[in-house]
Amino acid sequence: MAMAPKDSKARVVWVLIDGLGDLSINEYEGNTPLAEAFTPFLDLVARAGASGLMDPVEPGLACGSDTAHLSLFGYDPREYYRGRGAFESLGAGLSMKPGEIAFKCNFATMEEETGVVTARRCDRNFEREGPILCEYLDETVLPSFPKNRVRVKYATEHRCGLVVEGPGLCDRISSTDPLKDNLKLLVAEPLDETEEAAYTAKVVNEVSDTIRKMLGTHPVNQERESVGKNPANCVLLRGCGELLDVEPFESRHGFKACMVAPTKVIAGIGASLGIEVVSAPGATGDYHTNLTPKMDTIVDALSWGATGESGDQGEAGSRMGFLHVKAVDDASHDGNVDLKRDLIAAVDVMVGQLVKRLWEKERESNGALKYYICCTGDHSTPVEFLKDHSHEPVPFVSAKVSDILELSGEESLSKCVPTESVKLPYAITEEYRQKCLDSLVRRTPTRGDSVSSFSEVAAARGILGRFPGSQIIPFISALFE
């Protein structure tokens, strides 16, 4: 396994665009949303670097963000995966001990008379009500199982983390989530014939029933119904999981890493692997997130790692910074084709800001550091055809920042990179588009593997070929000298 020497000068920023990949869209004349989006900076990275197609786990497998990220970080999900719930709950800030179980939960809307879940996501804009309901549900004691207690904490949008503590529990039970709207709420079932699984299923079903009764009369839901909104009168218990017991990331791969990931399930994966999770102001993990502070935060985290307290280069902090963007995947699940395209274009503006800042940091180091950028997705989420995760590979690109600047020229890059904060939703102006076309797109040659744009089709021609996600960390390790 590739191990990074301690005197490495390299620092890598890995931008992960959740749900990036897609299929051809008729109204885009066969282009995908990524190919249709205005992405001069991602294209610039492709021109300067090496491209390929990446299968998050293996070819033909449609995977969740949790299993995909485990694979991308170098942990085979077929060996280590224990359910998504622990990741969501840890990311939301709930502590866990061995023997406890956790769930990734949706606040949902259910018809009381029929038991049909009419909306699996009661409302993506749930930032005000979600924390109120979570505080109300936290510390719930179950009437029939007084030794088991429920802890709840708000995550993002319509999601929360939920931990059940107490004796006799295991993660070998099914979900209560029907996975599609207009189907009945499910009953948790044991997945094996052990007494633990049978007991846990009974406990979890009481959790579901108790929470439903508590939410039914809460003032938040009465207020929502009075103005015609879906009530959050049900919590879907998904992805039952126990605390992950794995070798920490640094021990496994030989270098430290940090991440900015306001999406709680991704932050929980990072926490489970011993990756430092860094908070960024204005980063919400939804349609309203502020991308520029996320970029600034990850750059600063890596720059702190450039010099330890003793002044020795490379002896402190992280060598890899992971920056996660969730909103693109949300647009895919919501079936909003144009929004997915526009969000990708906004992420591209952030990538331009990232290139500029990394180049400034590299110059300030007087040769002590060199920066690289990697950009990819964690899976495809076809926005029009499926509105869910699919099995297509996603594009991957990596380039050295100094090579990017050599192609673009510092003056042209600075002229095109916006100085304002990229807060979603972010509109691409015609003035900005024309400036990039004149200064970057039409004047920038191609080097590296001759790929000139960042898209699913273009990446297929890249020198990296097609490879599994488990190879990304060895690839990054090889960048460290």
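Computed quantities for the displayed model
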{"item": "Whichever residue in the range 368-400 is more than 15 Å from the chain's Cα centre (by Cα) and of a type in the set (S, T, N, Q) and, among such residues, is surrounded by the fewest Cβ atoms within 10 Å (Cβ to Cβ)", "result": "S390"}
{"item": "Total residues in the range 117-141, condition touching an Asp or Glu at 6+ places or on another chain (Cβ under 7 Å) and either modelled with pLDDT of 95 or more or of a type in the set (D, E) (or both)", "result": "4"}
{"item": "Qualifying residue in the range 179-189 (condition: under 17 Å from A119 (Cβ atoms), crowded, with 17+ Cβ neighbours inside 10 Å, of a type in the set (G, A, S) and within 29 Å of the chain's Cα centre (by Cα))", "result": "no"}
{"item": "Residue satisfying all of: in the range 295-331; assigned to a helix (DSSP H, G or I) and touching a helix residue (DSSP H, G or I) at 6+ places or on another chain (Cβ under 6 Å); modelled with the lowest pLDDT among these", "result": "S303"}
{"item": "Some residue of the range 162-185 being out of contact with any Ser or Thr (no Cβ under 6 Å at 6 or more places or on another chain), at pLDDT below 95, assigned by TED's automatic domain parsing to the domain that holds K97 and among the polar types (S, T, N, Q)", "result": "no"}
{"item": "Per-region count, the range 129-174, residues touching a strand residue (DSSP E or B) at 6+ places or on another chain (Cβ under 6 Å) and acidic (D, E)", "result": "3"}
{"item": "Condition check for G228: under 29 Å from P167 (Cβ atoms) and of a type in the set (G, A, S)", "result": "no"}
{"item": "Top-ranked residue of the range 332-361 - restricted to ones that are touching a Gly at 6+ places or on another chain (Cβ under 9 Å) and buried (at least 23 other Cβ atoms within 10 Å of the Cβ), ranked as farthest from D296 (Cα to Cα)", "result": "S332"}
{"item": "Filtered residue count, the range 427-446, keeping only those that are part of a loop (DSSP other than H, G, I, E, B), surrounded by 14 or more Cβ atoms within 10 Å (Cβ to Cβ) and among the basic types (K, R)", "result": "0"}
{"item": "Residue count for the range 38-53, restricted to those that are over 13 Å from L407 (Cβ atoms) and either modelled with pLDDT under 95 or not in a helix (DSSP H, G or I) (or both)", "result": "6"}
{"item": "Any hit, the range 18-39, residues being touching a His at 6+ places or on another chain (Cβ under 9 Å), in the same structural domain as I472 (by TED's automatic domain parsing) and over 23 Å from G83 (Cβ atoms)", "result": "yes"}
{"item": "Some residue of the range 462-470 being closer than 30 Å to D76 by Cα, of a type in the set (D, E, K, R) and touching a residue at least 60 places away in the same chain (Cβ under 8 Å)", "result": "yes"}
{"item": "Pairs with Cβ under 9 Å, 6+ apart, first in the range 370-390 and outside the structural domain of L179 (by TED's automatic domain parsing), second in a strand (DSSP E or B) and modelled with pLDDT under 95", "result": "K370/A10; Y371/A10; Y372/A10"}
{"item": "Residue within the range 274-294 that is closer than 19 Å to R120 by Cβ and either of a type outside the set (D, E) or modelled with pLDDT of 95 or more (or both) present", "result": "yes"}
{"item": "Residues (aromatic (F, W, Y) and either in a helix (DSSP H, G or I) or touching an Asp or Glu at 6+ places or on another chain (Cβ under 6 Å) (or both)) located in the range 11-30", "result": "Y28"}
{"item": "Residue list for the range 211-231, restricted to those being assigned to a loop (DSSP other than H, G, I, E, B) and surrounded by fewer than 15 Cβ atoms within 10 Å (Cβ to Cβ)", "result": "T217, V227, G228"}
{"item": "The lone exception for A188 - which of (1) in a helix (DSSP H, G or I); (2) of a type outside the set (S, T, Y); (3) in contact (Cβ under 8 Å) with a residue 12 or more places away in the chain it fails", "result": "(1)"}
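The values are calculated or read from the model by the stated rules, or taken from the named source; none is laboratory data. Remember, it's a predicted structure, so these values are computed and weren't measured experimentally. In this analysis, Cβ positions are derived from the backbone assuming ideal geometry, glycine residues included, and neighbour counts consider all displayed protein chains.
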